[in-house]
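Before any comments, here is the structure.
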Amino acid sequence: MKKSFALICVLFLCIHLVHGQDDDIFGLDSRAKSKTRKSQSNIGNVFRNAIGNFSFEVFSGGSFHTNKMGFNSSSPSLYPIRQFQNPDVPQSVNPGDTLTFARSSFAIPINAAIKLNFFNTLTLGAGYGREFGQMANLRSGDLEFQFQQPSYTLDRAFGSIGLVLYDARKRAKFLQWKYKAFDSNNLMMQSEKNQRIRQIYPWRFVAESEFGNVYMRKNFDPSINTDNQSFFNIALRIEKEFSEYTRFFVKTGAEFRNYNFQTEIQEEFQTIGQNLFFAQFGLSISLPSTKRCKVPGCGVVMKHLHGGVEYRGSSIWQQQNRRVGQWY
């Protein structure tokens with residue numbers, strides 16, 4: 001009996017020693033922490049946790065825009081209206097006549113933005129972009145409202161707000177609700193639920209809106225008033241994650257803005273309503289809150305701890321906590 005008790009004590013001591021050695025290999029701490037530090041200093045830890053919520057993105061694409069003007073003037077002769085099949089024939093618009101001029105064209109935007117993530121539910125951002133577009137003369141029947149330039153270039157300064165509609169966290173909650181119909185003792189269905197929740201779900205769907213001002217760099221007509229030209233748009237954004245820090249996204253939506261065509265009669269102007277229907281794609285990169293591991297001899301490629309501080313073992317382009325089949 002005494003020998004058995006002594007043997008058990010020796011075994012327990014050996015297991016404890018082996019476990020103690022596994023806790024720190026090359027300074028690697030394998031014990032899980034509920035609140036992992038990102039830096040040794042308190043200020044550094046706060047800074048690291050904060051910058052992890054910021055991301056930078058660039059995106060471009062194309063847009064189809066429609067332009068419409070409801071024309072009504074007491075002095076129509078002051079406006080560049082001609083018969084587009086016979087430009088030399090004088091226009092025959094009488095004062096007080098109401099006409100609708102319309103035409104469509106294309107544009108190419110290039111944008112860059114910074115985003116701030118709030119609890120993976122709401123995003124706020126700001127950005128700047130440039131748009132290169134065509135502006136065809138507007139037509140109404142056989143009449144044409146002529147502009148001096150067939151193209152334009154403008155800059156866009158904008159803010160943005162986004163609401164996350166569906167992502168991996170919301171999917172996990174949905175699966176939890178869906179499998180409530182099965183008894184907790186139903187091991188097969190509970191196992192299926194857990195496996196589906198643990199799957200990597202790389203997609204995120206966001207309802208997004210941008211709002212701001214446009215600034216003409218190359219105007220399609222000098223009579224266009226370039227002061228306080230505001231715009232807003234609404235879009236659906238679909239993201240696919242490459243890793244925790246990088247993602248590719250596409251978004252489609254509509255943007256609305258107005259231009260005022262003004263002659264020497266300051267009290268009178270004609271409003272051109274421009275509606276853009278766009279499809280854009282881009283790349284978003286989050287600032288890594290976890291530093292890259294540089295401990296000599298440590299070849300761990302997943303997130304891990306050294307002295308209670310979390311490090312990552314892979315580049316931001318790779319999944320940090322990879323699963324089977326994701327190592328190469």
Yes/no for ALA102 being over 22 Å from PHE211 (Cα atoms) and not in a strand (DSSP E or B)
no
When restricted to ILE316, ILE285, ILE272, the only residue closer than 30 Å to LYS68 by Cα, among the aliphatic types (A, V, I, L, M) and in contact (Cβ under 8 Å) with a residue 12 or more places away in the chain is ILE272
Going through segment 46-64 one residue at a time, which ones are crowded, with 18+ Cβ neighbours inside 10 Å and either in contact with a helix residue (DSSP H, G or I) (Cβ under 6 Å, 6 or more places away or on another chain) or not hydroxyl-bearing (Ser, Thr, Tyr) (or both)?
ARG48, GLU57, PHE59
Checking SER191 against (1) closer than 30 Å to LYS303 by Cα; (2) surrounded by 14 or more Cβ atoms within 10 Å (Cβ to Cβ); (3) small (Gly, Ala, Ser), which test does it fail?
(2)
Please determine whether any residue of segment 273-280 is among the polar types (S, T, N, Q) and more than 23 Å from GLU210 (Cα to Cα).
no
Turns out the strands (runs of 3 or more DSSP E) fully within segment 242-328 with at least 1 residues that are out of contact with any Lys or Arg (no Cβ under 7 Å at 6 or more places or on another chain) and surrounded by 16 or more Cβ atoms within 10 Å (Cβ to Cβ) are 246-262, 269-286, 304-306
Can you give me the number of residues within segment 219-238 that are surrounded by fewer than 19 Cβ atoms within 10 Å (Cβ to Cβ) and under 27 Å from ILE285 (Cβ atoms)?
5
Pair list, Cβ < 6 Å and 6+ apart or interchain, from segment 213-233 residues that are in a strand (DSSP E or B) to residues that are basic (Lys, Arg):
VAL214/ARG156; PHE231/ARG257
Between residues in segment 111-123 that are farther than 20 Å from VAL58 by Cα and residues that are modelled with pLDDT under 95 and among the hydroxyl-bearing types (Ser, Thr, Tyr), which pairs lie under 7 Å by C-beta distance while being six or more apart or on different chains?
none
Is it the case that some residue within segment 110-123 is in the same structural domain as PRO222 (by TED's automatic domain parsing), of a type in the set (Ser, Thr, Tyr) and closer than 19 Å to ILE272 by Cα?
no
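When you scan segment 65-74, do you find a residue that is among the charged types (D, E, K, R), assigned to a strand (DSSP E or B) and surrounded by fewer than 18 Cβ atoms within 10 Å (Cβ to Cβ), even just one?
Yes, that holds for at least one residue.
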Condition broken by TYR311, with the remaining ones in (1) within 18 Å of the chain's Cα centre (by Cα); (2) modelled with pLDDT of 90 or more satisfied
(1)
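The values are calculated or read from the model by the stated rules, or taken from the named source; none is laboratory data. Note that the coordinates shown come from a computational prediction; the quantities given were computed from them, not determined experimentally. Note that we place each Cβ from the backbone using ideal geometry, even for glycine, and neighbour counts take in every protein chain shown.
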